[in-house]
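Visitor: Structure provided below as structure tokens; questions to follow.
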Amino acid sequence: MKFLIAILGLLVVFGLAYIASNGKKQIRYRPLAVMIVLQIILAYFLLNTAAGTFLVGKFSTAFKALLDYANEGIAFVFGDLVTIGADGGSGPFFLTVLMPIVVISALIGILQYIRILPFVIKYIGLVLSKINGMGKLESYNAVASAILGQSEVFISVKKQIGLLPKHRLYTLCASAMSTVSMSIVGAYMTMIDPKYVVTALVLNLFGGFIIASIVNPYQVTPEEDILEVQEEEKQSFFEMLGEYILDGFKVAIVVAAMLIGFVALIALINGIFSALLGISFQELLGYVFAPFAFVMGIPWKEAIQAGSIMATKMVSNEFVAMLSLSSQTALSERTTGIVSVFLVSFANFSSIGIIAGAVKGLHEKQGNVVARFGLKLLYGASLVSVLSAIITGLYL
């Protein structure tokens, strides 16, 4: 039965993408088929094989070790506040989940400085470009987005931003919204099962190209297929380290501020809806998103509850939704896994402003272009999340 629902889900996702396509006759189906098959194989490998479980375990262990090291610095500054959760309870969310972002950001900076990350990003991107049928720039950008972040990635290709036509700019922005930055992966792993975080990272990388190839199809000519990566300004090691540490701290503060605002506003709106209609705002959204939850492979009896969490992610952000998911004890393991994969992306309304602002900071005219297709970006990135969740549901 779950295979029939998965087929229905794929038809729904591709149908919705096709309806929004701005070049239906330009869609190339062979690269699409290859990438879908790769998604199915990779999901099986990560979720259903001993080798995949081993790799996910090692990845998870590495991040756990990083979080433990991060706690050394956090404990030095905040003292006993960090040790509140040492007996199995949970310490303050800001310290235990968000502050480690500072350390992971610093590590990313070091790997950038010693030229390991640029090498990895460039050559993985080149391999991807052979598979997805798109340009080197688009493939580089997708990998870089998954490591550097949805706003920082545009700095590395700023030489080409002003020269890009609208359709190529859309694909770059869609990749940035469909993935998540490596600096906050550790934070996700403290709230949901690490294997679902890793699975989502891999599937979303291909899913972004699959949906973009339908919604925004085009071909890049050999003359256009140029990749010019902006070299970072030469800094001393400690200048770089200080900059990345502060960048990580800014990310943690921004996420904390967003959480305070969104959690409080959602509670307020829930209260108003409950008083007027006898049903909370999140419950109401759950009914709207329930059909999508169902085609993702979630049983109908849990679809409304799951749909509510999915909607929370879109109207606020993934952190708020993950907190909501972690508080749900009635959901089955299968439903929790499918929803977890759906949540691992930047597909929400606030990301439209973040991406448009990042591009506008580099090129004002192109920033305005991004703002105009912002809703279409969110539409496509949401379909990427649904697609990854459907593929995951095949193996749960």
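Visitor: Scanning the chain for helices, which whole DSSP H stretches are 27 Å or more long along the axis (Cα) and average 0.5 or more by Kyte-Doolittle? Walk me through the numbers before you get to the answer.
Guide: Details: long enough: 29-48 (28 Å, 1.68); 50-78 (40 Å, 0.90); 194-215 (30 Å, 1.74); 237-277 (58 Å, 1.89); 374-393 (29 Å, 1.53).
Helices passing the filter in the chain: 29-48, 50-78, 194-215, 237-277, 374-393.
Visitor: Under 14 Å from the Cβ of M189, count the other residues' Cβ atoms, weight Lys and Arg +1, Asp and Glu -1, and hand me the total. Each step should come with its number before you reach the end.
Guide: Working: positive: K58, K64, K195; negative: D68, D193, E318.
So the surrounding residues net to 0.
Visitor: Still on this structure, I have one more. Compare the peptides 50-63, 122-135 by average per-residue count of other Cβ atoms within 10 angstrom and give them in order, highest first.
Guide: On the way: 50-63: 13.9, 122-135: 17.9.
Most protected by this proxy first, the peptides run 122-135, 50-63.
Visitor: Let me ask another. So, in Å, what gap is there between the alpha-carbon centers of the stretch 135-174 and the stretch 309-364?
Guide: Here the answer is 21 Å between Cα centres.
Visitor: Right, something else. Carbon-plus-sulfur fraction of the accessible area of the stretch 195-350, 1.4 Å probe, in percent?
Guide: Carbon and sulfur together cover 68 percent of it.
Visitor: While we're looking at this one, here's another question. How many percent of the accessible area of the stretch 110-186 is carbon or sulfur, using a 1.4 Å probe? Working shown, then result.
Guide: Numbers: 1770 of 2670 Å².
Result for the stretch 110-186: 66 percent of the exposed heavy-atom area is carbon or sulfur.
Visitor: Return the lysines within reach of K130: Cα separation strictly under 16 angstrom, same-chain partners fewer than 8 residues apart disregarded; answer none if there are no such residues.
Guide: Candidates past the 8-residue exclusion: K122.
Visitor: Between F349 and Q235, take the C-beta separation as r, use R0 = 51 Å, and let me know the FRET efficiency to the nearest 0.05. Please list the in-between numbers first.
Guide: Details: r = 35 Å, r/R0 = 0.69.
The pair F349/Q235 has a calculated efficiency of 0.90.
Visitor: Moving on. Calculate, for I114 and I269, the FRET efficiency according to 1/(1 + (r/R0)^6) with r their C-beta to C-beta distance and R0 51 Å; round to the nearest 0.05. Present the calculation step by step, with values, prior to reporting the outcome.
Guide: Details: r = 47 Å, r/R0 = 0.93.
Between I114 and I269 the formula returns 0.60.
Visitor: Using only helices, what value at 222 nm comes out for the chain when you add -39,500 (n - 2.57) per DSSP H run of length 4 or more and divide by the total residues, to the nearest 500 deg cm²/dmol? Write down the numbers at each step before the final one.
Guide: On the way: 19 runs with 294 residues, N = 396.
After summing the helix terms and dividing by the residues of the chain, the value is -24500 deg cm²/dmol.
Visitor: Rounded, prolate or oblate: which fits the stretch 230-297, taking a ≥ b ≥ c as square roots of the Cα gyration tensor eigenvalues, rounded meaning a/c under 1.5, else prolate when a/b beats b/c?
Guide: Values: a/c = 6.20, a/b = 2.32, b/c = 2.68.
Oblate, since a/c reaches 1.5 and b/c is not below a/b.
Visitor: Related question: Might you tell me the accessible area per residue for the chain, computed with a 1.4 Å probe and given in Å²?
Guide: Working: 17810 Å² over 396 residues.
Dividing the accessible area of the chain by its residue count gives 45 Å².
Visitor: Among A275, A146, A212, determine the one that fluctuates most according to a GNM of the chain built with springs between C-alpha atoms less than 10 Å apart.
Guide: Looking only at A275, A146, A212, the biggest GNM fluctuation is shown by A275.
Visitor: Let me make sure I get this right: for the chain, a, b and c are the square roots of the gyration tensor eigenvalues over alpha carbons, sorted descending. Under 1.5 in a/c it's rounded, otherwise prolate if a/b > b/c, else oblate. Which is it? Present the calculation step by step, with values, prior to reporting the outcome.
Guide: Values: a/c = 1.41, a/b = 1.04, b/c = 1.36.
Note, shape of the chain comes out rounded.
Visitor: Let me ask another. Below 11 angstrom from the Cβ of I214, what's the summed charge of the other residues (Lys, Arg +1; Asp, Glu -1)?
Guide: On the way: positive: K24, R28; negative: none.
Within the 11 Å Cβ shell, the charges total +2.
The values are calculated or read from the model by the stated rules, or taken from the named source; none is laboratory data. Quick caveat: nothing in here was measured; it's all calculated off a predicted structure. Every residue, glycine among them, receives a Cβ derived from its backbone with ideal geometry; neighbour counts consider all protein chains shown. Accessible surface is based on the protein model in full, side chains and every heavy atom, while ligands, DNA and RNA are left aside. Shrake-Rupley method; radii C 1.70, N 1.55, O 1.52, S 1.80 Å.
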